[in-house]
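The structure appears right after this line, and notes come after that.
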Amino acid sequence: MTTPDTNQAPTRGSYHAITEVGNPVLHRRCRDVTEFGTDALARLVDDMFHTMYVARGVGLAANQIGVDLQVFVYDCPDDYDTAEDESRRNVGHICNPVIENVTTEPQIVGREGCLSVPGPVAQLARAAHTIVRGKDMHGNDVTIEGTGLFARCLQHETDHLAGTLYIDHLTEAERADVLAEMAKNRDGVLADREERAQAS
């Protein structure tokens, strides 16, 4: 997931090109993580954080860098207006996420974009409060609770690992508009990412 408010510096790890809408790995459910505490999983999480920061995202799923695994990372405030408030910042990762309670929560409409759909954003209704359960990279149980933008991020990234993009929730006309805007802006967005990747 992306927001124009994000400008974190890259961390350790390596940058990976981000897969784009149409790539088959984005349109099927990812495999569960079955081996925890491995160097490979730790490297994957580092690379995902690095890539997310270079691309100015607030969340990134493993299939967005071409890896078929149920993992996502995030660095996201509770809402846009708290982006400068470090106490409201949520940073972490989760494996094999299972989302709870979204069907019983009030919906809120907000803008949403995606690093795999470079450029555009659209208005989309999401649950205002979300709980996600899963494991960390060491196999420990994890429960993440989010409101506002962070709730949107958790739903967006969990969707990714199920093979669903945010544009799949839009009407046909809305989806067509988003893809047309992406076609116009894609080259500029990718050039900016490449420049930031070279500097990281």
Output the number of residues of region 66-83 satisfying the condition of being farther than 16 Å from I94 by Cα and at pLDDT 95 or above. 1
Considering only region 20-46, state which residues are surrounded by 13 or more Cβ atoms within 10 Å (Cβ to Cβ) and either at pLDDT below 95 or of a type in the set (S, T, N, Q) (or both). N23
What tally of residues in region 11-38 results from selecting those that are within 15 Å of D136 (Cβ to Cβ) and either among the aliphatic types (A, V, I, L, M) or in a helix (DSSP H, G or I) (or both)? 1
Looking at L165, L161, which is the one that is in contact with a His (Cβ under 9 Å, 6 or more places away or on another chain), farther than 18 Å from E105 by Cα and not hydroxyl-bearing (S, T, Y)? L165
Residue identified as farther than 23 Å from S14 by Cα and surrounded by fewer than 20 Cβ atoms within 10 Å (Cβ to Cβ) among L170, L124, L149: L170
I'd like to know if region 77-92 contains one or more residues that are buried (at least 16 other Cβ atoms within 10 Å of the Cβ) and among the acidic types (D, E). yes
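The values are calculated or read from the model by the stated rules, or taken from the named source; none is laboratory data. Note that this is a predicted model, so its numbers are computed, not measured. Quick reminder, even Gly has a Cβ in these numbers, built from the backbone with ideal geometry, and neighbours come from all protein chains shown.
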